[in-house]
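Report on one structure; see the data block that follows.
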Amino acid sequence: MRISTNVAIALLTIAFWAGIWTPAWATDSAKEVEKAPNFTLPNLAGETVNLSDSSGKLVVINFWATWCGYCVAEIPSMNTFAEKIKDEPFVFLSINLDDMSAEDVKRFASDKKIAFPVLLDPKGDTSQKYGVEGLPYNIVISSSGKIVGKSSGQRNWDDQNLIAYFRGLMKKNN
């Protein structure tokens, strides 16, 4: 028996809301695990960005590096994802861990047409605070500032199930 994509999405959404299924990277969709450590990092324009500035919104942090093939491979789907959620109570931050100049990272971001905020953490202080285990690594933070999900490895950020999951978290957290 073959199930259509719309039926599969509907079933997964129902299963998510019923608490039967969560994406592989989620720690627990309903349980807030720990307070997210605040950080202050420069973005590619040299402006300072604080996690606390995103209070009241769902936040996803993506840790990555230019030398990480999986990180680079997911950039196109991350661009699409960032475009789809730009008008929602959601903040998508990427934290680059390369030990290179801001200009080099900026040039890379321009070459790859990165359309989402890139913050710089060349010493890895923020990644240590969050216990990053490999790249790419993702952290999901609720609107109340608690970590509700973690994942390691490449994602298809344009996946409808993943987008539905985040939209469900936004509804639940607002």
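The values are calculated or read from the model by the stated rules, or taken from the named source; none is laboratory data. Computed from a predicted model, the values in this text were never measured in an experiment. As a convention, Cβ positions derive from the backbone with ideal geometry for all residues, glycine included, and neighbour counts pool all protein chains shown. Ligands, DNA and RNA are excluded from the accessible area calculation, which covers all protein heavy atoms including side chains. Shrake-Rupley method; radii C 1.70, N 1.55, O 1.52, S 1.80 Å.
Each residue in region 134-174 was checked for being among the charged types (D, E, K, R) and more than 15 Å from the chain's Cα centre (by Cα), and 2 pass.
Scoring VAL105 on the criteria (1) open to solvent by less than 50 Å² (accessible area, probe 1.4 Å); (2) in a loop (DSSP other than H, G, I, E, B); (3) not basic (Lys, Arg) leaves a single failure, condition (2). Of the strands (runs of 3 or more DSSP E) that lie entirely inside region 1-81, those containing 1 or more residues that are out of contact with any helix residue (DSSP H, G or I) (no Cβ under 9 Å at 6 or more places or on another chain) and modelled with pLDDT of 50 or more span 48-50. Residue-level analysis places LYS112 among those that are modelled with pLDDT of 95 or more and among the basic types (Lys, Arg).
Filtered by the rule that a residue be open to solvent by 50 Å² or more (accessible area, probe 1.4 Å) and in a helix (DSSP H, G or I), region 116-174 gives ASP125, GLN128, LYS129, GLN160, ARG167, LYS171, LYS172. In the set (1) outside any loop (DSSP other than H, G, I, E, B); (2) surrounded by fewer than 19 Cβ atoms within 10 Å (Cβ to Cβ), the condition left unmet by LYS113 is number (1).
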